[in-house]
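What follows is a single structure, written as structure tokens, with notes after it.
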Amino acid sequence: MRKQNEIFQTNLVSAKYEVRRRGIRRTAHHALLREAKDRWYVPDPNKAGDLEKLRERSLFKEFEEYWISSQKRLKVFRLEAVRIGFKKAWQERDYATIITVARKVPENVLQEDPKLLMWYDQAVTRMGGE
């Protein structure tokens, strides 16, 4: 790791920068670009994939608000935020979060959405039943 940091610092010092509009700096130094590839990324608003990631991030933040909310039942919520939250919790095997939020969502909403119902049922099964 130390060797990589030394290489990165050496490349950073030796890289030649070009100043673009709004003071953003870019480099054409290939070694620096290769080292920095997975370290930092600025979403491009013109790319659909980047917009989707930003949308999912904001929906997940909303889901986290539902999760930490002290309300017994959620009256106002976004179904897509709950879907994104369940999906992420399922990927992380955080079944307790799915169950907690599902108990705050009205029963009819949970029953009408097949994906939410599937994630909830599977989470209950994996946590050891209800």
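When the stretch 102-114 is examined, which residues are found to be surrounded by 12 or more Cβ atoms within 10 Å (Cβ to Cβ) and part of a helix (DSSP H, G or I)? Those that are surrounded by 12 or more Cβ atoms within 10 Å (Cβ to Cβ) and part of a helix (DSSP H, G or I): Ala102, Arg103, Lys104, Val109, Leu110.
Taken over the stretch 75-107, the residue count meeting the criterion of being among the acidic types (Asp, Glu) and either over 16 Å from the mean Cα position of the chain (by Cα) or not assigned by TED's automatic domain parsing to the domain that holds Lys53 (or both) is 1. Counted as qualifying within the stretch 1-76 are the helices (runs of 4 or more DSSP H) with 2 or more residues that are closer than 30 Å to Val109 by Cβ and either in contact with a strand residue (DSSP E or B) (Cβ under 9 Å, 6 or more places away or on another chain) or at pLDDT 70 or above (or both), namely 48-68. Pairing residues of the stretch 111-129 that are in the same structural domain as Arg83 (by TED's automatic domain parsing) with residues that are of a type in the set (S, T, N, Q) and at pLDDT below 95, at Cβ distances under 9 Å and at least 6 apart in sequence or on separate chains, gives Leu117/Gln111; Ala123/Thr97.
The values are calculated or read from the model by the stated rules, or taken from the named source; none is laboratory data. Because the structure is predicted, anything quoted here is derived from the model rather than measured. Using ideal geometry, Cβ is built from the backbone for each residue, glycine included, and neighbour counts are taken over all protein chains shown.
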